[in-house]
Amino acid sequence: MMTDYSKLGLRVGLEIHQQLNSETKLFCRCPIKKSESFNQAIKRKFKPVAGELGDVDPAAIYEYMRNKNFVYSYDSESSCLVELDDDPPKDMNEKALRTALQACKMLNCRIIDELYVMRKTVIDGSSVSGFQRTLLVGMNGSVETEFGNVGIMTVCLEEDSAPAIKKEGDTVEYRLDRSLVPLIEIATAPDMHSPEHAKAAAEKIGLLLRSLDVVRGIGSIRQDVNVSIVGGARIEIKGFQELEKIPQLVQNEVSRQLSLIEIKGELKKRGVRSVAGNAKDVTDMFSKTKNSMIRKIITEKGRILAASLPRFSGLLKKECGHHTFGKELSSYAGAYGYGIMHSDEDLEKHQLAWEFSRIRETLGAGKDDLVLIVAGRDPANAIAAVIERAGQCVQGIPEETRVADGLGSKYTRPLPGTERMYPETDIQPIRITEKILQSIKTPKTLLEKREELKKLLSEEIAEQLVKSREFSLFERLSKEYKIDATIIATTLLFTIKDLKRRNLNVEKITESALKDVFMLLEAKKISKDSVPKALEMLCQGKTIADIARSLQVIAENELRKIIKEAVKSSSKEKESVLMGLVMKKVQGKADGSTVMRILREEMK
Ligand SMILES: [Zn+2]
């Protein structure tokens, strides 16, 4: 069934994060490079101070931080005292600022004339100093899409945080070699009114950004997607990376919200006004359980807590976005590292039917009530979070930050979410003068380049090429060699991928090896049709001399001999059949157009 999104009052906004291509970090001169060894490490435990928490639920933060140890591994070659907040920051990376200004111009933003560097508190441990520097560069821009204009609210330049490398027990390890990479953050207005519109805007902004000097490839661009519908809530889904699948993500969030609205209606019909109640320790009832998971928890001195949700029976089986409502509720326990088991599940299968019927008695729960348990070392907070979330069903949908989970999302701790900002007093405000503004030139956009390419390549290949990571290599190669642009494009887009699929060692196809092959082609020493074979030989470790020798094009008099022979022995055949015979014989060592020309001459 088609969903009428305008009827639902769908509004989607995006926050796009794009890493910039930079030699150095944003506020020091340390190189951005992958370090091989990490000979130094700092261990920290964070104690968030009330004032830093902003809107974040302090209990949840406390719970999260209580036992966490953070380890920051670094190498003095790629990290310095600025990052550890033991030295004041250096001047801002000027190239990064210029790129941010270019982005503002391309997005038609008003550029702020005095830039203030701010510190943004980071309370999830991903910054060793506990903050991230950020500055607002432009605002109030817009971008056109086929579904209408989309407002750009803000463009910020900031330091990217470090990705967690390892989580083991309560210890989280970060590596600092790739942290503090300059990053542009673009926030759109919630102007998109259909899932396809959201994708079109993300695609357009992505293409504009990739016209600039930015990092390409997996993880270099991330999208936060916020979705709201009438009667629902504004939900932010963080960290979605698959641009092509934004429509499914939005659809799933819309259907999750619609299900929650339905559940609210159903509860009202069933006369549920609130969900109160405490969890009860029912560990004793499981002393003889046949469920192996629970038995294991009990041997490890764990506890089992139970609660009932009044007249919720049957609701947990309901679809809710990309999963069931049961899974949805369970993710609130999941934020504390637990899961729930409940009476809407197949209890016979889990060998828990007997225990659940006893719990039902003990709790005084009727057949319309749902019974659930949470088991583990210390499940009190987890089950309380589930009961609280179930209670919110009566009111509607809570506003919350979620993280992308496949094509849907799941509740996570309210982290890092809304942080507090305060001025960075170590850096003077930066004035953007008229002269600086004049000197910022925007490059040809990928969209303009795509239109130009359509004159050289088929529309489909041009489209695919500008979106691909290979595009800048294509530009370099096509500038350097006077050969058919299609052969360069198809080599980069398809041939190399095909060799990789066949498990050949494509690492050997370096840029310089590729240039050697195209040089042979330009000098007409090998034919166009031999290029895949040449690359295959590179993978097998053959030298360029080997390739030139074994794929050398057949001299024209030699070729004519072969063709004459074919025409004589199969004189009754049609041109196309003869062509096939000859091409098979020469095995790519002659150009198709040359073979055709000689063939026609000989057939006369
Ligand atoms: Zn540094």
Determine whether region 272-292 contains at least one residue that is in a loop (DSSP other than H, G, I, E, B), modelled with pLDDT under 90 and under 17 Å from R402 (Cα atoms). no
L243 vs. criteria in contact with a helix residue (DSSP H, G or I) (Cβ under 8 Å, 6 or more places away or on another chain), surrounded by fewer than 19 Cβ atoms within 10 Å (Cβ to Cβ) and either over 26 Å from A353 (Cα atoms) or acidic (D, E) (or both): yes
Of all residues in region 510-523, which are among the β-branched types (V, I, T) and over 19 Å from D484 (Cβ atoms)? T510
Inter-residue pairs, beta-carbon under 8 Å, first within 22 Å of P163 (Cβ to Cβ) and among the acidic types (D, E) and in region 74-92, second within 11 Å of the ligand (Cβ to nearest atom) and not in a loop (DSSP other than H, G, I, E, B), 6+ apart: E77/P31; E83/Y74
If I filter region 192-199 for residues that are free of Cβ contacts under 8 Å to residues at least 60 places away in the same chain, charged (D, E, K, R) and open to solvent by 10 Å² or more (accessible area, probe 1.4 Å), do I get at least one hit? yes
If only one of R303, R295, R256 is modelled with pLDDT of 90 or more, farther than 17 Å from D368 by Cβ and open to solvent by less than 30 Å² (accessible area, probe 1.4 Å), which one is it? R256
Counting only residues in region 577-600 that are more than 25 Å from R549 (Cβ to Cβ) and open to solvent by less than 80 Å² (accessible area, probe 1.4 Å), the one nearest to the chain's Cα centre (by Cα) is identified as G580
Please go through region 37-54 and pick out each residue that is small (G, A, S) and either assigned to a loop (DSSP other than H, G, I, E, B) or at pLDDT below 80 (or both). S37, A50, G51, G54
Test: residue in region 414-422 that is assigned to a loop (DSSP other than H, G, I, E, B), hydrophobic (A, V, I, L, M, F, W, C) and either at pLDDT below 85 or open to solvent by less than 20 Å² (accessible area, probe 1.4 Å) (or both): yes
Unique match (being modelled with pLDDT of 90 or more, within 14 Å of the ligand (Cβ to nearest atom) and of a type outside the set (K, R)) among L26, L107: L26
Provide a single number: the residues in region 152-203 that are under 15 Å from D124 (Cβ atoms), away from the ligand (no atom under 16 Å from the Cβ) and assigned to a strand (DSSP E or B). 6
First in region 200-221 and closer than 21 Å to N108 by Cα, second anywhere and open to solvent by 50 Å² or more (accessible area, probe 1.4 Å) and part of a loop (DSSP other than H, G, I, E, B), Cβ under 6 Å, 6 or more apart: A200/E146; A200/F147; D213/N21; V214/N21
Taking the options G339, G321, G314, name whichever one is exposed (fewer than 15 other Cβ atoms within 10 Å of the Cβ), more than 18 Å from K290 (Cα to Cα) and not charged (D, E, K, R). G314
Quick one: which of S308, S313, S274 is of a type outside the set (D, E, K, R), farther than 30 Å from S194 by Cβ and in contact with a Pro (Cβ under 9 Å, 6 or more places away or on another chain)? S274
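Yes/no per residue for (1) under 19 Å from E266 (Cβ atoms); (2) open to solvent by less than 30 Å² (accessible area, probe 1.4 Å); (3) modelled with pLDDT under 90; (4) in a helix (DSSP H, G or I):
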residue	(1), (2), (3), (4)
S330	no, yes, no, yes
D346	no, no, no, no
K349	no, no, no, no
W354	no, no, no, yes
I359	no, yes, no, yes
D368	yes, no, no, no
I373	no, yes, no, no
A384	no, no, no, yes
Here is a list: I496, I483. Which entry is part of a loop (DSSP other than H, G, I, E, B) and within 24 Å of V553 (Cα to Cα)? I483
Within region 72-101, can you find the residues that are more than 9 Å from the ligand (Cβ to nearest atom) and touching a Pro at 6+ places or on another chain (Cβ under 7 Å)? N93, A96
Tell me, yes or no, whether region 132-145 has at least one residue that is within 16 Å of the ligand (Cβ to nearest atom) and in contact (Cβ under 8 Å) with a residue 24 or more places away in the chain. yes
Within region 1-36, work out how many residues are open to solvent by 60 Å² or more (accessible area, probe 1.4 Å) and not in a strand (DSSP E or B). 11
Confirm whether L20 is touching a strand residue (DSSP E or B) at 6+ places or on another chain (Cβ under 6 Å), within 13 Å of the ligand (Cβ to nearest atom) and modelled with pLDDT of 90 or more. no
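The values are calculated or read from the model by the stated rules, or taken from the named source; none is laboratory data. Note that this is a predicted model, so its numbers are computed, not measured. Methodologically, a virtual Cβ is constructed for each residue, glycine included, from the backbone with ideal geometry; neighbour enumeration extends over all protein chains shown. Each accessible area value is taken on the protein alone, full model and side chains, heavy atoms only, with ligands, DNA and RNA left out. Shrake-Rupley method; radii C 1.70, N 1.55, O 1.52, S 1.80 Å.
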